[in-house]
Amino acid sequence: MEVAKVSNVTRVYKIGEIETQALRGVNLSIQSGEFTALVGPSGSGKTTLLQLFGLLDQPTSGNVYINGKDATAFNRNQRADLRKSSIGFVFQFFALIPTLTAYENVEMPLLLNGMNPVERKRRVNEMLEAVGLENRAQHRPDQLSGGQQQRAAVARALATNPKLILADEPTANLDTENGKQVMDIMQKLNQETGVTFIFATHDPRVFGYAKRIVTLQDGLITQDNQAHGK
């Protein structure tokens, strides 16, 4: 089953008279359960492509499909609803709310979705346990290590049971051991739940986890290889 797809997408950024073509007619289909890495040098277009999949940006031309729905013609509210129901995000800088505990950060998207308190509590505890943070639930981000913060971000991304998780440089701010722990957890969740992961990365440590490696260069896909993963 196809979870996400871009069809002949371009993305041009214009600042004054200067145009930068970030994507130049990219086609890519992501199937359910994939664990895919978008790789390439800075400026290759991988983060732009991730943002299109996340409906955080719109293509200059071409189409973006999520769960079979052409989101290109959606208005802002429709895109937000589809994002809320189907997509989770893990960011390089964690993006946790500093005044909330780990528990409250994971709970936030469930509150926004209107989940009832009993089910919400069960789901938050389940997600914290899945990432090994059940004993740190009442700690704020400044009381957690970088690795623990990123694991909390993974738990938050998964809390709403999305079909797709998008991770932008998930290990960039982590040391080797914490980066390995975060990737091990994401891989385990992918294998156990079937949730689809797409991550943009420069980190060679991450390449070895991917089942599929899509290489971008100058806004084009130059290679698309199946990998063995760990």
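Farthest towards the positive end of the charge dipole of the chain, among the residues PRO117, THR215, ILE165, is the Cα of PRO117, using unit charges on the Cβ of Lys, Arg, Asp and Glu.
Between ILE18 and ASN161, full extension at 0.36 nm per residue minus the direct alpha carbon distance yields a gain of 47.4 nm.
Helical content of the chain, expressed as a calculated mean residue ellipticity at 222 nm, amounts to -10500 deg cm²/dmol (DSSP H runs of 4 or more residues, -39,500 (n - 2.57) each, divided by residue number, nearest 500).
This structure gives volume of the Cα convex hull per residue in Å³, computed directly, and of (1) 153; (2) 116; (3) 131 that value is listed as (3).
For a distance above 18 Å, tell me the whole-number percent of Cα pairs in segment 59-123 that qualify. Kindly include the intermediate steps, with their values, before the conclusion.
Working: 1106 of 2080 pairs.
The proportion of pairs with Cα distances above 18 Å equals 53 percent.
Across the options SER44, VAL195, THR20, the greatest Cα extent toward the positive end of the charge dipole of the chain (unit charges at beta carbon of Lys, Arg, Asp, Glu) belongs to VAL195. Each Cα pair under 8 Å and six or more residues apart adds its sequence gap; the mean of these over the residue count of the chain is a relative contact order of 28 percent. Taking the Cα centre of the chain as reference, the dipole from Cβ charges on Lys and Arg (+1) and Asp and Glu (-1) amounts to some 380 debye.
FRET efficiency for the GLN31 to ASP175 pair, using the beta carbon distance and R₀ = 30 Å, is estimated at 0.35. At R0 = 30 Å, how high is the FRET efficiency between ARG205 and THR60 if r is their beta carbon distance? Nearest 0.05 is fine. So, using R0 = 30 Å, E works out to roughly 0.35. In terms of distances greater than 22 angstrom between alpha carbons, the cross-link table entries LYS84/LYS180; LYS188/LYS211; LYS5/LYS84 yield LYS84/LYS180.
Descending by average beta-carbon neighbour count within 10 Å, the peptides 187-193, 205-211, 45-51 line up as 45-51, 205-211, 187-193, the highest first. GNM remark for the chain: springs join alpha carbons under 10 Å apart, and the peak mean-square fluctuation among LYS121, LYS69, LYS14 falls on LYS14. Fully extending the segment from GLU104 to THR10 would add 30.0 nm, taking 0.36 nm per residue of separation and subtracting the current Cα-Cα distance. Here the peptides 149-160, 82-93 are ranked by packing, the mean other Cβ count within 10 Å, and the order with the highest first is 149-160, 82-93. A straight Cα-to-Cα reach below 12 Å connects LYS46 with the aspartates and glutamates ASP168, GLU169, ASP218, residues fewer than 8 places away in its own chain not being considered.
Each reported figure results from applying straightforward, stated rules to the coordinates on display, with no laboratory input. The structure presented is a predicted model; accordingly, all values stated were derived computationally and were not measured. Because the Cβ atoms are built from the backbone with ideal geometry, glycine has one as well, and the counts that use them run over all protein chains shown.
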